[in-house]
Structure formats: C-alpha cells, structure tokens
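Just so it is clear, none of the values below were taken in a lab; they were calculated from the coordinates. Remember, it's a predicted structure, so these values are computed and weren't measured experimentally. Here the Cβ is made from the backbone with ideal geometry for all residues, glycine too, and neighbour counts use every protein chain on show.
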Amino acid sequence: MKKNKLIIWSLIVALPMVIGSVGCKKFLDRKPLTATLSDINQGTLEAQSFGMYNVLTSYAGFSTLPWLDFHSIRDDDAQKGSSVTDGAEINTEFETFQYSKDDWAPNTYWNDRYYMINLANRELYFADSLHATDAASLKNVGEARFFRAYCYFDLVRTYGEVPLINYYYTRSADGIRPKSSVSTIYAQIDSDLNIASQYLPVKLGSWRY
C-alpha cells in the first residue's frame, strides 16, 4: 500500500512537468505577432541610420585631422602649423601627394569611409530582407543611399580608382575587391543619389541627435 502511494505521488509530481515542457515548447516556437512586425522593421532601420550619423560626427576620418589633411592641407586652403617635428610626415604626404599606407591619417580616412559604406550596405540589406516599403523605412533607405554616395565621392576624388563594394558582408575576406574605374564609382554615386532624392524629404523638421 505504501509503495502504491509513493508511485501515485511520483506521477502527480511528474505530470505537470511533462505538460509544462510540451506547452512551453509550443509557446516558444510561435512567430512574432503580426501587430509587432512594423515596429520591429522600423526600429531596426532607424537605429542603423542613427549609427551612421554617429560615425559621421564622431569618427576621426570624418571630423578631425585626416579630413583636414586631405581637404585643406594638401591644397592651398591651409598649411601645417605647430613645430617642424610635430606631424612632420604631413608635409611629405599631403604637400607632395606621397601617401603612406602605414600612416594613421590615410589609414583612418580610408577605413572610416569603408566602415560607413558597410553600415549603409547592411541597412539596405535589412530593408530588402524585410520588404520594407512604408514611408519611414524608405526614408532610412534614402539615408543609407546618401551616406554610401557621400563616402564614395570622398574616396574617388581623393584616391581615384577604389574598390566598389555595394553589398553587405560580415567576413573580412569578402571585403577584398580589386579597384573599380573612376567612371564606375561615379555611376554608383549617381545611382545612389537618384534613389536618395526620391525617398528623402526636401526639408527636415527641427531635431537633435
């Protein structure tokens, strides 16, 4: 009798666990409700656009010495100041156009722009995967197109022929490409800006990032 009671109590304890595990699996396998999908789509794209604005305002290649080196010091807009030995390589590289791939300024300028390009490619990849066609998402697509065009415009007028990477990649090996012609780069810029002009508003309201 005692043995039978032990078996019954064991079954009573085990039964809810079995039912719970089956029910839990069924619940966790459910896909997101349709009502939440638009929020997920827009939140993903908007966050990625904000990320590109952050790169534009905080990365050295866009906002500090590397930008000044290429766009001011190497022409007649500015000359390197300070002492002779402070940043002496700047005169050699940017006054004579003899850039070194090992110097931090050309490296930063190049790397930051290709980093931004891959962020833009990522946003365009997600927008295409999500089949996002609402107005807010298309605005984010326009932003990604503009940022990619802006980066390639800086690269082509600085270096001439550069690799054209208009796809999203996660493995560094997939980002190794031969240089494309100047005309090919400008064709990509024109294409991106034409699409951006369709999706971006002519004027934005007051906002702060």
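Before moving on, here are some points about what is shown:
- Once the Cα-Cα distance is subtracted from the 0.36 nm per residue extended length, the Arg157 to Ser183 segment shows a gain of 8.2 nm.
- When both region 92-147 and region 174-188 are represented by their alpha-carbon centers, they are found 13 Å apart.
- The order of Leu124, Leu204, going from fewest to most other C-beta atoms within 10 Å of their C-beta, is Leu204, Leu124.
- Panel values: region 168-208, Kirkwood radius from alpha carbon pairs, Stokes-Einstein at 37 °C and 0.692 mPa s, translational diffusion coefficient 245 µm²/s.
- A simple spin-label model places pseudo-atoms 7 Å from Cα toward Cβ; at Thr64 and Lys101 they are separated by 2.5 nm.
- Residues Thr92 and Tyr125, FRET efficiency given R0 of 41 Å [Cβ-Cβ distance, rounded to 0.05]: 0.55
- Report note on the peptides 142-153, 161-172: ranked by the mean count of other C-beta atoms within 10 Å, highest first, their order is 142-153, 161-172.
- Residue order, fewest to most beta carbons within 10 Å, for Val141, Val182, Val156: Val182, Val156, Val141
- Full-stretch length increase - Val202, Glu46 - with 0.36 nm per residue and alpha-carbon distance subtracted: 54.3 nm
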